[in-house]
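Structure first, then comments.
The values are calculated or read from the model by the stated rules, or taken from the named source; none is laboratory data. All figures in this text were calculated on a predicted structure; none of them were measured in a lab. Here the Cβ is made from the backbone with ideal geometry for all residues, glycine too, and neighbour counts use every protein chain on show. The protein model used for the area step is the full one, side chains on, heavy atoms only, and it has no ligands, DNA or RNA in it. Shrake-Rupley method; radii C 1.70, N 1.55, O 1.52, S 1.80 Å.
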Amino acid sequence: RYGFTVVPDLSQAELAIARKKLPNEPRVFELAGYIDRRRGRWEDSMHNLELALGLDPKKAYLLQQIARSYQDLRRYSEAAAIINRALEILPNDIGLQVAQAAIYLDWRADPKPLHDAIQAILALDPGAAAGLSDPWLYLALCERDPASGNLAVAAMPTSGGGNR
């Protein structure tokens, strides 16, 4: 319909080969989890991401991605618990702090934690504004705060949006 053909699942076939040759390599399961998530295979995605986490339990980025999946699945208490684990590893990570606060906006329609987190980060490091521009703009829209929205847009890097 759109001028392209569906290619057989070559990525999963390659990962199956890698899984046989590298059975304890967490990245193989992590990649499979991301591919499954992108394709809407949530159960398979979570299974693979949990296997990767079992092999590499201190990888904060993987914990953040698992939390993101839980959040997409509206399993907010699990998302919050996983983000807390990631923050134990990297307590000063701005992305994790924002992710933790954003869960409560989705879970309880409470913008205050995200508002407070963004304001605290900006107070410590005004240069962080560009990296916060996407969640900051989303927050401004949720709070119906055009002045804050304008600040978030002004902080966006000219190369595109902030971190997502």
Boolean, residue 78 is more than 12 Å from the chain's Cα centre (by Cα) and either at pLDDT below 95 or closer than 28 Å to residue 127 by Cα (or both):
no
For segment 100-113: of the residues being part of a helix (DSSP H, G or I), of a type in the set (A, V, I, L, M) and out of contact with any Asp or Glu (no Cβ under 9 Å at 6 or more places or on another chain), which is least open to solvent (accessible area, probe 1.4 Å)?
103
Pairs, first within 12 Å of residue 143 (Cα to Cα) in segment 100-114, second assigned to a helix (DSSP H, G or I) and charged (D, E, K, R), C-beta under 8 Å, six or more apart
111/143
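Residue-wise test of (1) modelled with pLDDT of 95 or more; (2) open to solvent by 60 Å² or more (accessible area, probe 1.4 Å).
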{"site": "6", "(1), (2)": "no, yes"}
{"site": "13", "(1), (2)": "no, no"}
{"site": "18", "(1), (2)": "no, no"}
{"site": "27", "(1), (2)": "yes, yes"}
{"site": "38", "(1), (2)": "no, yes"}
{"site": "50", "(1), (2)": "yes, yes"}
{"site": "53", "(1), (2)": "yes, no"}
{"site": "60", "(1), (2)": "yes, no"}
{"site": "66", "(1), (2)": "yes, no"}
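Between 152, 130, 140, which is touching a Pro at 6+ places or on another chain (Cβ under 6 Å), surrounded by 12 or more Cβ atoms within 10 Å (Cβ to Cβ) and not in a loop (DSSP other than H, G, I, E, B)?
Selected residue: 130, the only one of 152, 130, 140 that is touching a Pro at 6+ places or on another chain (Cβ under 6 Å), surrounded by 12 or more Cβ atoms within 10 Å (Cβ to Cβ) and not in a loop (DSSP other than H, G, I, E, B).
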Residue match in segment 113-121 (condition: closer than 21 Å to residue 155 by Cα, of a type in the set (Asp, Glu) and more than 18 Å from the chain's Cα centre (by Cα))
yes
